[in-house]
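Chemist: Following this message is one structure expressed as structure tokens.
The values are calculated or read from the model by the stated rules, or taken from the named source; none is laboratory data. Predicted model only: the values in this text are computed from it and were never measured. For neighbour counting, all protein chains shown are included, and Cβ atoms are generated from backbone atoms with ideal geometry for every residue, glycine included. All accessible areas refer to the heavy atoms of the entire protein, side chains included, with ligands and DNA or RNA removed. Shrake-Rupley method; radii C 1.70, N 1.55, O 1.52, S 1.80 Å.
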Amino acid sequence: AAHAEGLTLALSEDSASGFKGVCANRGRFEARVRSGGHQPKYLGTFDTAFEAALQVARYLGPAASAAAAATRPRPSMTETEVHAAAHAEGLTLALSDNASGFRCVRASGNGFEAQISSDGHQKGIGTFDTALEAEVQVARHLGPAAP
């Protein structure tokens, strides 16, 4: 179906479903698409991962689905690299008693989502492979003077 419609399914080594934008939920598969750091757009729940991946590709269209399939995830930073970057930039990594261990960071799907509050609204910064990487991005947005 995907080929006939000129679409490309985006495979993922990091997702248990095997597809980008598809996650398992209670024996079925949810399709979601991220756009510009905003909350993921829910596209539906399907019986198979393939059906969910096809819906993601349909939503994106031929060009964007091909681009999503071609992108490679950036490699994760090691803990040493993260601490070195934070130190070099004068950033403070703030611990928290939440499940991620860091302020403004929460587990989300296959990664950790970083969000900050700005003028009473939550602003998504992005999703990262580790909680530590997400906290570095929070610290970068808040600046070196932030506690």
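Chemist: For Ala84 and Asn25 in the same chain, what is the full-extension length gain: residue separation times 0.36 nm, less their Cα-Cα distance, in nm?
Modeler: Stretched fully, the Ala84-Asn25 segment lengthens by 17.5 nm.
Chemist: Residue by residue, what Karplus-based ³J(HN,Hα) values in Hz, rounded to whole numbers, does segment 82-90 have, using 6.51, -1.76 and 1.60 with θ = phi - 60° and x for Gly and Pro?
Modeler: Running phi through 6.51 cos²θ - 1.76 cosθ + 1.60 with θ = phi - 60° gives 5, 5, 5, 5, 4, 5, 4, 8, x Hz.
Chemist: Please give the helix 49-70 orientation as an angle from the longest Cα principal axis of the chain, in degrees from 0 to 90, rounded to the nearest 10.
Modeler: Orientation of helix 49-70: about 70 degrees from the principal axis.
Chemist: Further question on the same structure: For the chain, what does the equivalent ellipsoid look like in terms of its semi-axes, each the square root of 5 times an eigenvalue of the Cα gyration tensor, given largest first in whole Å?
Modeler: Equivalent ellipsoid of the chain: 32, 15, 14 Å, largest first.
Chemist: Sort 83-90, 110-117, 22-29, 134-141 by packing, meaning the average of other beta carbons within 10 Å per residue, with the highest value first.
Modeler: 134-141, 110-117, 22-29, 83-90
Chemist: For the chain, what does the accessible surface come to per residue with a 1.4 Å probe? Please give it in Å².
Modeler: 60 Å²
Chemist: Here's something else I'd like to know. Using only alpha carbon positions, build the gyration tensor of segment 2-71, then give the equivalent ellipsoid semi-axes as the square roots of 5 times its eigenvalues, largest first, whole angstrom.
Modeler: 17, 14, 11
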